[in-house]
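Below is one structure, written out as structure tokens; the observations come after it.
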Amino acid sequence: MSDNSNNLKERVRAFWQQNPCGTKFSDAEMGTRLFFERVEEHRYTKEWHIPVAADFQSARGLRVLEIGCGLGTDGAQFAKAGAIYTGVDLTDAAVDLARKRFELFGLPGTFRTADAENLDFADESFDLVYSHGVLHHTPDTARAVREVHRVLRPGGSAVVMLYHRDSYNYRINIRVLRRAGAHLLKSETGLKLVHRLTGEPVESLREHAQSLKEDARSYLKPDEFLSQHTDGAGNPLARVYSRIQARELFKDFAEVELATHFLNKRWLPVLGSLLTRKMETRLASQWGWHLWIYAKKQESEHGSQESE
């Protein structure tokens, strides 16, 4: 790995160590039972498609690895369904919180700090590898996908969510609306207007305004702007993938199916509040922000012969 990639990964690690994914969605004391309950409630209210898309219930008895366990919210659903669960994350902060969550709720599972691009597991260790919104934050996503393939048993499955390039959020919200709105952040009046129009927290908008003030040229570069407008100001890396690019990433798998979910209605000024869940689902199936990849590893030749 090059020095630049190493430096970028350390910046990614530092950002998520400081901002464990999901912590901003609970106002309860961090690490308490109430804290985790509120994080879970927010997640499955806002992203109500996840339980069905992830199909936690089908994991009973399976050896499941989650890459990027975060606070252990999805991991807890696998464990409650009867999976033999292992969670890994790039940061100690996430691992500590996820482990605490499992302890508080009496759930079985193991955790370790690990790099998605260099997993410390033997070949063919898991039946299912799950990763939701994580692999687009690592410098070498293709290498991470190869690691997913390596640690899966023959016939095992990967369920991975990546940000979708051909989504409304990327094509319109980030590239057009947010870029236009960024210039409004230069004044307090403009900042408050953006807050009223979008519902974006004032504190978050002030962080963006500060980044814009410090180095507008860098902030407005397409790749940098994308990273800043996915998971919060200061996020050093995020990428988006088209369906074609996703299939290329998972080319070593025998079967690949794709689905898109999540059309955050808050990103649709005025119209968003008028959408029914049925309408939202239909739009998200084409232009959703979350691109779900369902990939199956080739059965072993021996196994295929036996089945014949």
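The values are calculated or read from the model by the stated rules, or taken from the named source; none is laboratory data. This structure is a prediction, so every number in the text was calculated from the model and none was measured. So basically every Cβ, Gly included, is an ideal-geometry build from the backbone, and we count neighbours across all protein chains shown.
Numbers for the structure displayed
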{"read-out": "Where residue 256 falls short, out of the listed (1) assigned by TED's automatic domain parsing to the domain that holds residue 293; (2) free of Cβ contacts under 8 Å to residues at least 24 places away in the same chain; (3) β-branched (Val, Ile, Thr)", "value": "(2)"}
{"read-out": "In the range 1-56, the residues that are more than 16 Å from residue 133 (Cα to Cα) and small (Gly, Ala, Ser)", "value": "2, 5, 14, 26, 28, 31"}
{"read-out": "Residue ID - nearest to residue 225 (Cα to Cα), chosen from residues in the range 182-207 that are modelled with pLDDT of 85 or more and of a type in the set (S, T, N, Q)", "value": "187"}
{"read-out": "Selection status of residue 140, farther than 21 Å from residue 46 by Cβ and touching a residue at least 60 places away in the same chain (Cβ under 8 Å)", "value": "yes"}
{"read-out": "Residues within the range 15-48 that are loosely packed, with under 14 Cβ neighbours inside 10 Å and either touching a Gly at 6+ places or on another chain (Cβ under 9 Å) or within 22 Å of residue 141 (Cα to Cα) (or both), tallied", "value": "1"}
{"read-out": "Number of positions in the range 232-253 that are without any contact (Cβ under 8 Å) to a residue 12 or more places away in the chain and either of a type in the set (Phe, Trp, Tyr) or assigned to a loop (DSSP other than H, G, I, E, B) (or both)", "value": "1"}
{"read-out": "Every residue from the range 8-40 that is of a type in the set (Gly, Ala, Ser) and under 16 Å from residue 238 (Cα atoms)", "value": "14"}
{"read-out": "Sole residue being closer than 24 Å to residue 23 by Cα, in the same structural domain as residue 25 (by TED's automatic domain parsing) and of a type in the set (D, E, K, R), chosen from 124, 103", "value": "103"}
{"read-out": "Qualifying residue in the range 219-231 (condition: of a type in the set (D, E, K, R), over 14 Å from residue 170 (Cα atoms), surrounded by 13 or more Cβ atoms within 10 Å (Cβ to Cβ) and touching a residue at least 60 places away in the same chain (Cβ under 8 Å))", "value": "no"}
{"read-out": "Residue that is modelled with the highest pLDDT, among those in the range 266-280 that are loosely packed, with under 12 Cβ neighbours inside 10 Å and part of a helix (DSSP H, G or I)", "value": "278"}
{"read-out": "Cβ-Cβ under 7 Å pairs, at least 6 apart or on other chains, the range 30-41 side under 10 Å from residue 104 (Cα atoms) and in contact (Cβ under 8 Å) with a residue 40 or more places away in the chain, far side part of a loop (DSSP other than H, G, I, E, B) and of a type outside the set (Asp, Glu)", "value": "36/71"}
{"read-out": "Selected residue (criterion: surrounded by the fewest Cβ atoms within 10 Å (Cβ to Cβ)) from residues of the range 75-104 that are in a helix (DSSP H, G or I) and touching a strand residue (DSSP E or B) at 6+ places or on another chain (Cβ under 6 Å)", "value": "92"}
{"read-out": "Which listed residue is assigned by TED's automatic domain parsing to the domain that holds residue 149, assigned to a loop (DSSP other than H, G, I, E, B) and among the hydrophobic types (A, V, I, L, M, F, W, C), from 263, 291, 283", "value": "263"}
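Condition check ((1) in the same structural domain as residue 273 (by TED's automatic domain parsing); (2) assigned to a loop (DSSP other than H, G, I, E, B); (3) at positive phi; (4) out of contact with any His (no Cβ under 8 Å at 6 or more places or on another chain)) across all residues:
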position: 161; (1), (2), (3), (4): yes, no, no, no
position: 174; (1), (2), (3), (4): no, no, no, no
position: 191; (1), (2), (3), (4): no, no, no, yes
position: 194; (1), (2), (3), (4): no, no, no, yes
position: 200; (1), (2), (3), (4): no, yes, no, yes
position: 212; (1), (2), (3), (4): no, no, no, yes
